[in-house]
Amino acid sequence: MAELHFFTGTMDSGKSTLALQTNHNHAARGRIGRIFTTHDRAGEAILSSRLGLEHDALEVTPDFDFWHYVVDSLTHGARIDFLICDEAQFYAPRQIDQLARVVDELQIDVFAFGIMSDFRTELFDGSRRLVELADRTHVLQVEALCWCGKRATHNARTENGEMVTEGEVIVVGDVDAQDVEPAEVAYEVLCRQHHRRRMTAARAQAVSMVSEPLPFS
């Protein structure tokens, strides 16, 4: 029986690496799949991992319909045994519903990979729907670490070095006018305590330097 799997973890927990490995393992057994992603760090229509591995993929746009794509492919003679769906947190809930329908009515396995919550500690819409519908939800065992050494459980966003907890979920460009420089956006994984305190690695280092006693002259 086909199943809808959801693999989740923070950034740096190896989701995209596992997606690529899952595709490799099934392809090695003669199964034929399709790889999907959206907003990948390497650019459009590419599934990439932080280890430097990457694979061509189909870009999931807001109006993309998984059900119609799969049915149309099968109708035209293609074979599809499984789908790899990376960055699934960015998918719309209706697209997750389409994936569930592909599993139930076409008996095609779906392996979805994504972050559970955003930098505001709120569930992504796509991830919420996956939790509601998935046959199996897997929390990745590769633990990302906060700068303090504890297990990282939250994703933090910084703009110009300062942690922020408000703003657009997906940042394409925080520019309202052409003469305004875009903010330098970065992400960091933190434990709950340091996310609550907005204590990023850079801020912790700055506080440590300020608190250090001056050497004797």
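Structure notes:
- Residue-normalised accessible area of segment 51-153, expressed per residue, 1.4 Å probe, Å²: 52 Å²
- Taken along its principal axes, the alpha carbon cloud of the chain reaches lengths of 80, 42, 31 Å, longest axis first.
- Helix content alone sets the calculated 222 nm mean residue ellipticity of the chain: runs of n ≥ 4 DSSP H residues at -39500 (n - 2.57) each, divided across all residues, give -8500 deg cm²/dmol.
- With the convex hull drawn over the C-alpha atoms of segment 48-162, the volume per residue is 147 Å³.
- Rounded tilt (10° steps) of 93-106 against the dominant C-alpha axis of the chain: 30 degrees
- Here the spin labels are modelled as points 7 Å beyond Cα on the Cα-Cβ line, and at GLU168 and ARG29 they lie 4.1 nm apart.
- Entry for segment 6-82 at q = 0.19, 0.20 Å⁻¹: log10 I(q)/I(0) = -0.92, -1.00, Debye formula applied to identical alpha-carbon scatterers, no solvent contribution.
- Protection proxy ranking for 187-200, 66-79, 88-101, 134-147, using the average of other Cβ atoms within 10 Å per residue and placing the highest first: 88-101, 187-200, 134-147, 66-79.
- Mean projected area (nm²) of the alpha-carbon convex hull when segment 20-60 is viewed from all directions: 2.8 nm²
- Ranking of ILE32, ILE84 by solvent-accessible surface, largest first: ILE32, ILE84 (1.4 Å probe, protein heavy atoms only, all chains present).
- Between helix 15-28 and the chain: long-axis angle, C-alpha atoms, 0 to 90°, nearest 10: 30 degrees
The values are calculated or read from the model by the stated rules, or taken from the named source; none is laboratory data. Model, not experiment: these values are computed from the prediction. Neighbour counts are summed over all protein chains in view; Cβ atoms, including those assigned to glycine, are modelled from backbone coordinates with ideal geometry. All accessible areas refer to the heavy atoms of the entire protein, side chains included, with ligands and DNA or RNA removed. Shrake-Rupley method; radii C 1.70, N 1.55, O 1.52, S 1.80 Å.
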